[in-house]
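To keep things clear, I will list the structure first and then write my remarks on it.
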Amino acid sequence: MHPFLMMYQFFIRPILFLFDAEKAHHIAFRLLGIAEFFGFTRLYKSLFVSKSSLLRKEVMGIVFDNPVGLAAGFDKDAKRYNAFGDLGFGFVEIGTLTPKAQPGNEKKRLFRLKKDDAIINRMGFNNNGVHVAVHRLRKSHRTIVGGNIGKNKITPNENAVDDYLYALRTLYPYVDYFVVNVSSPNTPGLRELQEKEPLERLLSTLKLECNKLAGSSAEKPILLKIAPDLTNHQLDDIIEIVENVKLEGVIATNTTIDRTNLKSDQRLVDEMGGLSGAPLRNRSTEVIRYLKAHQKSPFAIIGVGGIHSAEAAIEKIDAGADLIQLYTGFVYEGPKLISEIHRKLIDRA
């Protein structure tokens with residue numbers, strides 16, 4: 001491992017962790033923006049990011065330079081997607097984006113559980129709205145970009161499809177695939193849309209709209225992001241819906257409301273919101289394995305949850321994930337984690 005790749009863990013992270021988690025996130029984005037402006041991220045890519053053809057993978061008709069992506073929630077407003085691509089991510093998922101800008105939930109709303117290598121967030125789909133993201137996405141892409149879409153907090157569930165359609169239409173020319181987020185625990189009532197009937201109606205409508213927008217071109221893929229807290233019976237419903245609607249894939253999984261076996265201070269454990277990070281590793285892998293074992297018509301699976309090491313990444317792939325995504329593992333381990341996963345995948349090829 002090149003010493004430069006260790007700099008985040010031993011120098012940058014300790015400084016960032018002195019600050020409130022959300023403030024540290026904004027500081028990191030500013031630093032990354034400066035690095036991108038002066039060309040340092042491209043230099044990093046040329047020096048430290050593997051270009052091996054052994055990492056290349058075609059999924060859903062899209063050719064990815066490597067299967068390691070950045071999960072939604074990190075670059076909500078499409079500010080640094082090219083820079084994250086330079087750090088080694090094979091794709092970057094922006095959002096969750098809603099039709100109108102919204103501030104999200106009241107602060108403080110992002111918490112590190114250091115003893116558990118975890119994060120609790122109750123951000124509440126804070127974003128500047130889909131049009132601001134589109135303005136940034138008009139710039140040239142150096143990486144594959146997915147658009148994660150949701151509904152505004154003030155939109156009642158019976159009108160949710162209108163919000164998802166609006167976001168889909170607005171983003172369509174500028175992203176490579178879509179993710180329908182109905183599984184965040186931080187927007188009141190949102191997870192009710194995971195129930196079988198409303199979910200099938202929503203996805204069918206979006207799939208039909210995608211077909212119209214594509215015209216004579218190939219349709220852009222739509223994936224569904226699901227919660228890790230679903231029962232096997234609910235997962236069976238998800239599989240049936242995905243196959244009925246002919247959805248291209250599933251992202252497994254979002255954050256969890258479960259708080260079992262955490263070591264951190266009880267005050268932190270009791271914070272409301274979705275838990276991500278190492279405690280989610282086993283459950284997200286279980287969901288991936290279940291989806292893979294029970295699908296009748298093959299669909300893509302993107303595995304996310306608790307990937308803090310190359311071994312955890314391989315575990316997801318062996319369970320059935322076609323691609324993987326990082327979020328909390330990237331916060332704790334930095335760019336070296338991407339490099340370690342790349343090397344492990346090349347060694348296995």
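So the values come out like this:
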{"read-out": "LEU171 being crowded, with 19+ Cβ neighbours inside 10 Å, in contact with a Ser or Thr (Cβ under 7 Å, 6 or more places away or on another chain) and touching a residue at least 12 places away in the same chain (Cβ under 8 Å)", "value": "no"}
{"read-out": "Residue check for LEU323: farther than 21 Å from VAL145 by Cβ, aliphatic (A, V, I, L, M) and crowded, with 20+ Cβ neighbours inside 10 Å", "value": "no"}
{"read-out": "Matching residues, the range 138-164, being within 20 Å of the chain's Cα centre (by Cα), surrounded by fewer than 19 Cβ atoms within 10 Å (Cβ to Cβ) and not charged (D, E, K, R)", "value": "HIS141"}
{"read-out": "Flag if HIS233 is part of a helix (DSSP H, G or I) and not aliphatic (A, V, I, L, M)", "value": "yes"}
{"read-out": "From ALA71, ALA83, residue being at pLDDT 95 or above, touching an Asp or Glu at 6+ places or on another chain (Cβ under 7 Å), under 19 Å from ALA313 (Cβ atoms) and not polar (S, T, N, Q)", "value": "ALA71"}
{"read-out": "Test for PHE19: is it aromatic (Phe, Trp, Tyr) and touching a residue at least 12 places away in the same chain (Cβ under 8 Å)", "value": "no"}
{"read-out": "Test: GLY274 is under 18 Å from the mean Cα position of the chain (by Cα), farther than 27 Å from ASP347 by Cα and either touching a residue at least 60 places away in the same chain (Cβ under 8 Å) or surrounded by fewer than 22 Cβ atoms within 10 Å (Cβ to Cβ) (or both)", "value": "yes"}
{"read-out": "Top-ranked residue in the range 71-106 [being touching a Leu at 6+ places or on another chain (Cβ under 6 Å) and in contact (Cβ under 8 Å) with a residue 60 or more places away in the chain; ranked as farthest from ILE149 (Cα to Cα)]", "value": "PHE89"}
{"read-out": "Qualifying residues in the range 203-228 (those that are part of a loop (DSSP other than H, G, I, E, B) and of a type in the set (A, V, I, L, M, F, W, C)) - the one farthest from ILE241 (Cα to Cα)", "value": "ALA218"}
{"read-out": "Given (1) within 25 Å of LEU291 (Cβ to Cβ); (2) part of a helix (DSSP H, G or I), index of the condition SER183 fails", "value": "(2)"}
{"read-out": "Residues satisfying the stated conditions in the range 110-137, i.e. under 17 Å from the mean Cα position of the chain (by Cα) and surrounded by fewer than 17 Cβ atoms within 10 Å (Cβ to Cβ)", "value": "none"}
{"read-out": "Evaluation of GLY189 against (1) at positive phi; (2) surrounded by 14 or more Cβ atoms within 10 Å (Cβ to Cβ) (one fails), failing number", "value": "(2)"}
{"read-out": "Selection within the range 56-102 - under 16 Å from the mean Cα position of the chain (by Cα) and at positive phi", "value": "GLY73, ALA78, GLY88, GLY95"}
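Residue by residue, here is whether (1) in contact with a strand residue (DSSP E or B) (Cβ under 6 Å, 6 or more places away or on another chain); (2) farther than 18 Å from GLY146 by Cβ; (3) modelled with pLDDT under 95 holds:
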site: ASN232; (1), (2), (3): no, yes, no
site: ASN254; (1), (2), (3): yes, no, no
site: LYS263; (1), (2), (3): no, yes, no
site: GLY277; (1), (2), (3): yes, yes, no
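The values are calculated or read from the model by the stated rules, or taken from the named source; none is laboratory data. Remember, predicted model here, so these are calculated numbers, not experimental data. Ideal geometry is used to build each Cβ from the backbone, glycine not excepted, and the neighbour counts take in all protein chains shown.
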